[in-house]
Amino acid sequence: MGSPHFGNKCLMRRSTNISLVPVSGDISVRTVPALRNVIERLIASGSRRIVLNMAAVPYVDSSGMAFIFGAVRRMRENGGLLSLVDVTPDVLRSLRIARLVDLIPVSSIGEHDDVPELDPSVLPLWRTTLPVSGDDLQAARTRVAELAHKLPFSNDEVFDITLAVGEALGNAADHTCGDGILATVSAYPDRMVVEVTDCGDGFEKSPEQMIESKSMRDPERGRGILLMRLLVDSVRIEPRPGGSGTLVRLVKLTS
């Protein structure tokens, strides 16, 4: 059995305390202690959302399953959430047998399909625009969570929506104008759409270029985009219509 590698590759944004941990190798009785230490350090540092990337994990034994159960419990005790992404078919089968898929968000490799475009003739069920103060992002995140709870989302899905919106708001406040930020929340029969606009200078590169580039002026922006895409179904970034600035559109499907 191989040993997992992780830790130094962890991507964390302090603004919303999201951590992405790539794990490589078996999660077994031999490797669980080291992985548990990583999770405990992240919890102690304030992470409220931990995502384990399982693409390079071929096997999880009973000790690994017990570790995941324990990590889920520890995260919930601290008001957070743990999830697994890019799970291989063999590991997904084991997680289903252990009923872990009933407790936490789990997605398999290739599961994230393209989000269908909205029919232009479909009007929103409701729409709310919130002015956002760069000095009080928490108020905006709380209001978005309240609005998300009006739709058929689970508590975990509302948690992810709120963190993704917080990431977008944090980018707007930290990297653009700080003031003049708006968050527009729209509800449709099959989705929630949140648009965050600012009055900054916009991006010099496309989102994909920012994620892939190793010589970015500000790598945190690229990491923020990657993390948002883990939390919601679609992230689109484009110039703000009718003026300078950026529009970040987040979509979370309800079905």
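Have a look at 236, 229 and point out the one that is part of a strand (DSSP E or B) and at pLDDT below 95.
That would be 236, the only listed residue that is part of a strand (DSSP E or B) and at pLDDT below 95.
If you check residue 96 against the conditions, is it charged (D, E, K, R) and more than 19 Å from residue 194 (Cα to Cα)?
yes
From the list 94, 186, which one is outside the structural domain of residue 198 (by TED's automatic domain parsing) and at pLDDT 90 or above?
94
On the basis of being among the hydrophobic types (A, V, I, L, M, F, W, C) and more than 23 Å from the chain's Cα centre (by Cα), does residue 109 make the cut?
no
The values are calculated or read from the model by the stated rules, or taken from the named source; none is laboratory data. Fair warning: this is a prediction, and the values are worked out from it, not measured in the lab.
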